[in-house]
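The values are calculated or read from the model by the stated rules, or taken from the named source; none is laboratory data. Only a predicted model underlies this, so the values are computations on that prediction, with no experimental measurement involved. Cβ: placed from backbone, ideal geometry, glycine included. Neighbour counts: every protein chain shown.
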Amino acid sequence: MASTAGGYKQINKALDVRAFEGYLDGQQTLLPTIADVEQISPRGIRVMGQNPEKFTLQGTNTYLIGTGPERILIDTGQGFPTWAELIAATLSEHNITVSHVLLTHWHGDHTGGVPDLLRLYPHLRTRIYKHSPTRTQQPIADGQKFVVPGASIRAIHTPGHAHDHMCFVLEEEQAMFTGDNILGHGTATFEHLGVWMKSLHIMHSHDCHQGYPAHGVVVADLDGKIQQELEQKRRRERRIVESLRLLKEQDQGRRRGSVTVKQLVAHMHVNLDVGIRETVLEPFTEEVLRKLAEDGTVAFEIQARMKKWFLVRLNLSRASTVEIAVLDFVATMPKMVASGIQTNPLSLVGKVAIVTGSGKENGIGAGICRTLARHGASVTINYVSKATEPRAKAVAESIRNNGGRAAVVRGSIDTPEGAKRLVDETLQYFGVDNINILVNNAGLGSFSHLVDVTPEQLQQEFSVMVFGALYMTQAVVKLGKMPPGGRIINIGSIASTMGPTNVGVYAAAKAATDSLMATLAMELGRSRGITVNTIAPGPVNTDISNDVGDAATADEQDKIFINMTRAAGRVGTVDDIADAVLLLVSEKSRWITAQVVSVSGGIIIL
């Protein structure tokens, strides 16, 4: 096999893989040779994917499992014809067939051989299984069993390396196919450190003695390898926490000792080359800091458009060696809230949110995205029109410049397929398995009197605001696996009960979503632990509100509404609405559901 045949899709986009090329090229020459086809156990034949490369080691390991005439195939390599030829020859030599194909995850060096496999064996077209499947694949559920003569395989959902990553337990051997979570050489890469570490604990709980990885040699002591990986990551966490503690002490209590990732790495590795610190250590350190933030050990503030990290508390198991004045932190909480520091009551760290119709920088949706991201959520910005793309990207850039995480996804939500696509792209972008927050904000208005409304206008407005909200809810609950504690917010309008002229269809659509909200709150509350509410804004100056047709000018309408408010002599702002959403998606609103919350400055509709 050629030593550079394989390819690799970079997982952690923060890492500059070029920094590792020299080291990995050297390590590649030291790897032991693995035979193209080898019987590795009484029930397992390993067939190499023929794609060796610095990031795939000797190539992708694919496995034929069982002892009878039918076998289970795990993974399909990268799509090189030589792998398909090897599989065909092996099946012919042993006079066996494949009954099921199990894919550990979506990366191309594991799924690329499927087309060649189907070309050779068309009967497998309905036998390709993967977690979070595409339309041509079958789903794998956590705990699902696949049985052939001589082998029972149990699937385990173990995300982190990828959101859909699965491991498989071979019950007869008490062995585990570890996919890319545990490798035969070195350590795995991951999309999300905290999730990956949790998955290693799950893998450890199954008490498997031997590991069959997707890359590298057989892992003889799987338990020891898992413990080694976990301890390596914990050691890195402890070093970072200790450095933050020392920096806080050096600050002598004047502030929190907050530092950028660059400053922290320089403090920890002062003698290392700057280039190595920037390309290798800074991305790793930031990943660990994100994990520690999810654990509640560290937090960050934004100063001069830079994210600066500081210590919040220590793991109690380490309190004897590393101490912190917790009371000092509690005493500073009011100042932290005033300065924009994210504290626990409204923290969304580790949450993933989708906000539909959020691609215009002066719109309510964009304001909601910015607010949720400022409090720690990873947000997806959604837009429809190609003309809006630069504005959507500008919203994302503003979030990223302030230390947040944002994806930008173009697509309409007025069909079930469009809604599913938006959810699926969000899961893949952030490398997660769950959507925690959905804000159904997408809307439009035709500004016509009801007697003049066309069927096309009715269909368009209800498709987006009513059907779209329902399709998105279905997609995040099912495909997005919204967990208990999930939050769904519909952006309604006080117009739904006002009976306004000129926007009657818009008002009717908003009233319909109010009704959907009440029913969904009942359906999803007790059974799934999800709350559903509606925010009903009053007048807010955005692109849509300023395009009012010929009934009145924007200024004249503002004056009417200002006279109706009770809070202040003004119309609302985008931030007024976004802050109300923040409250309802936070843990503080766990007992609020099935409510229409007017955010209008006190406008009362009789």
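For segment 158-206, residues that are part of a loop (DSSP other than H, G, I, E, B), surrounded by fewer than 24 Cβ atoms within 10 Å (Cβ to Cβ), touching a Lys or Arg at 6+ places or on another chain (Cβ under 8 Å) and at pLDDT below 95 total 1.
Given segment 426-540, what helices (runs of 4 or more DSSP H) lie entirely inside it while holding 1 or more residues that are modelled with pLDDT of 90 or more, over 25 Å from Val408 (Cα atoms) and of a type in the set (S, T, N, Q)?
Details: elements: 455-462, 468-478, 504-528.
So the answer is 455-462, 504-528.
Criterion first (of a type in the set (Gly, Ala, Ser) and under 30 Å from Gly569 (Cα atoms)) does Ala469 satisfy it? Show your work before the answer.
Working: of a type in the set (Gly, Ala, Ser): yes; under 30 Å from Gly569 (Cα atoms): no.
The answer is no for Ala469.
Whenever a residue of segment 474-501 is under 30 Å from Gly602 (Cβ atoms), its partners that are in a helix (DSSP H, G or I) and basic (Lys, Arg), lying with C-beta atoms within less than 8 angstrom and at least six residues away or across chains, give the pairs Gly492/Lys510; Ser493/Lys510; Ala495/Lys510; Ser496/Lys510. Restricting the first member to segment 574-594 and to residues that are modelled with pLDDT of 95 or more, and the second to residues that are of a type outside the set (A, V, I, L, M) and part of a loop (DSSP other than H, G, I, E, B), the beta-carbon pairs closer than 7 Å and six or more apart or on different chains are Leu582/His375. The requirement of being closer than 20 Å to Lys351 by Cα, in the same structural domain as Glu425 (by TED's automatic domain parsing) and either crowded, with 18+ Cβ neighbours inside 10 Å or in contact with a strand residue (DSSP E or B) (Cβ under 8 Å, 6 or more places away or on another chain) (or both) is satisfied by Ile530. Per the conditions (1) closer than 19 Å to His206 by Cβ; (2) touching a residue at least 24 places away in the same chain (Cβ under 8 Å); (3) out of contact with any strand residue (DSSP E or B) (no Cβ under 6 Å at 6 or more places or on another chain), the sole criterion not satisfied by Ala151 is (3). Checking the structure you have, find out if any residue of segment 102-111 is in contact with an Asp or Glu (Cβ under 9 Å, 6 or more places away or on another chain), in a strand (DSSP E or B) and at pLDDT below 95. There is no residue in segment 102-111 that is in contact with an Asp or Glu (Cβ under 9 Å, 6 or more places away or on another chain), in a strand (DSSP E or B) and at pLDDT below 95.
Identify the residue in segment 543-573 that is among the hydroxyl-bearing types (Ser, Thr, Tyr) and either at pLDDT 75 or above or under 24 Å from Gly486 (Cβ atoms) (or both) and, among all such residues, is surrounded by the most Cβ atoms within 10 Å (Cβ to Cβ). If you could, list the steps in order and put the result at the bottom.
We begin by selecting, within segment 543-573, every residue among the hydroxyl-bearing types (Ser, Thr, Tyr); these are 545, 553, 565, 573.
Narrowing the set further to residues that are either at pLDDT 75 or above or under 24 Å from Gly486 (Cβ atoms) (or both) leaves 565, 573.
Working: Thr565: 18, Thr573: 14.
Across segment 543-573, the extreme among qualifying residues is Thr565.
State all residues of segment 44-72 that are of a type in the set (A, V, I, L, M) and at positive phi; if no residue qualifies, say none. Steps first, please.
First, pick out the residues of segment 44-72 that are of a type in the set (A, V, I, L, M): 45, 47-48, 57, 64-65, 72.
Result: Leu57, single match.
Of all residues in segment 345-395, those that are surrounded by fewer than 23 Cβ atoms within 10 Å (Cβ to Cβ), among the aliphatic types (A, V, I, L, M) and in contact (Cβ under 8 Å) with a residue 24 or more places away in the chain total 4. Number of residues in segment 104-145 that are under 21 Å from the mean Cα position of the chain (by Cα), surrounded by fewer than 20 Cβ atoms within 10 Å (Cβ to Cβ) and either of a type outside the set (Phe, Trp, Tyr) or farther than 23 Å from Met203 by Cα (or both): the value is 7. Taking segment 369-391 as the range and being part of a helix (DSSP H, G or I) and closer than 18 Å to Leu438 by Cα as the test, the residues that pass are Cys369, Arg370, Thr371, Leu372, Ala373, Arg374. Filter segment 402-413 down to residues that are among the charged types (D, E, K, R) and either closer than 18 Å to Ile488 by Cβ or part of a helix (DSSP H, G or I) (or both), then give me how many there are. Of the residues in that region, 0 qualify. Candidates in segment 430-460 are the residues that are touching a strand residue (DSSP E or B) at 6+ places or on another chain (Cβ under 9 Å) and closer than 18 Å to Ala366 by Cβ; of these, the one that is surrounded by the most Cβ atoms within 10 Å (Cβ to Cβ) is Asn440. Out of the residues in segment 243-283 that are surrounded by fewer than 17 Cβ atoms within 10 Å (Cβ to Cβ) and within 29 Å of the chain's Cα centre (by Cα), which is farthest from Glu301 (Cα to Cα)? Top of the filtered list is Ile276. Part of a loop (DSSP other than H, G, I, E, B) and either at pLDDT below 85 or touching an Asp or Glu at 6+ places or on another chain (Cβ under 7 Å) (or both): is that true of Gly340 in this structure? Yes; evaluated as a whole, the condition is true for this residue. When segment 404-428 is filtered for residues that are surrounded by fewer than 20 Cβ atoms within 10 Å (Cβ to Cβ) and touching a residue at least 60 places away in the same chain (Cβ under 8 Å), the ones remaining, listed by number, are Asp424, Gln428.
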